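For reference, the structure is listed below as structure tokens.
Read the figures in this text as sums done on the coordinates, not as results from a lab. It should be emphasised that the depicted structure is a prediction, and the values quoted were computed from it without experimental measurement. Neighbour counts are summed over all protein chains in view; Cβ atoms, including those assigned to glycine, are modelled from backbone coordinates with ideal geometry.
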Amino acid sequence: MTGRLLMFMLVFALFSQCACDRGDDQIPYVPVNIWIDMNLPEYQMLLFPVGGWAYITGGSRGIIVYHLSIDEFVAYDRHAPFNVEDGCQVVVNDDNVVIQDPCSGSQWVIMDGSVIGGPAVQSLMRYDVTYSQPFIHITN
């Protein structure tokens, strides 16, 4: 009986550990299939290569689209990857180079979404982007 009890306790402990490590720190999945027509006035800022950016509706907490080079764009979910359950929404700083989480103070570089200031350690969640002038297509 002791062997069975020990085995039960071991299995229970193993499954309890797995339940605690479910990946709850992941940004919720929301299907994204967005087309942006850069000829529309609300997307004029995206016309500026290397520096133009815009907030758009979609994703978990909105999306930031950034014009990285002449024919390349990146898009990030605005849901902060630190303390995901808080649902904080990142914003682009006035310098147009840094994205910041107003809740934790964490910062990311707008060009690639990498962390430049903690406490966050995860990069911003990035979407797939294709560009065929004048359309940007954002998907996951």
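Note that the stretch 65-132, at 10 °C in a medium of 1.306 mPa s, gets a Stokes-Einstein diffusion coefficient of 131 µm²/s from its Kirkwood radius over C-alpha pairs. Net charge dipole, the stretch 31-139: roughly 80 debye, given to the nearest 20, about the Cα centre with Cβ charges of +1 for Lys and Arg and -1 for Asp and Glu.
With each label modelled as a point 7 angstrom along the Cα→C-beta vector, the Gln26-Gln133 pair spans 3.9 nm. For a label point 7 Å from the Cα of Trp35 along Cα→C-beta, name the residues of the stretch 112-140 whose backbone N is under 15 Å from it. It comes to 130-139, nothing else.
Mean separation of Cα pairs under 8 Å and 6 or more residues apart, divided by the residue count, gives the stretch 31-139 a relative contact order of 25 percent.
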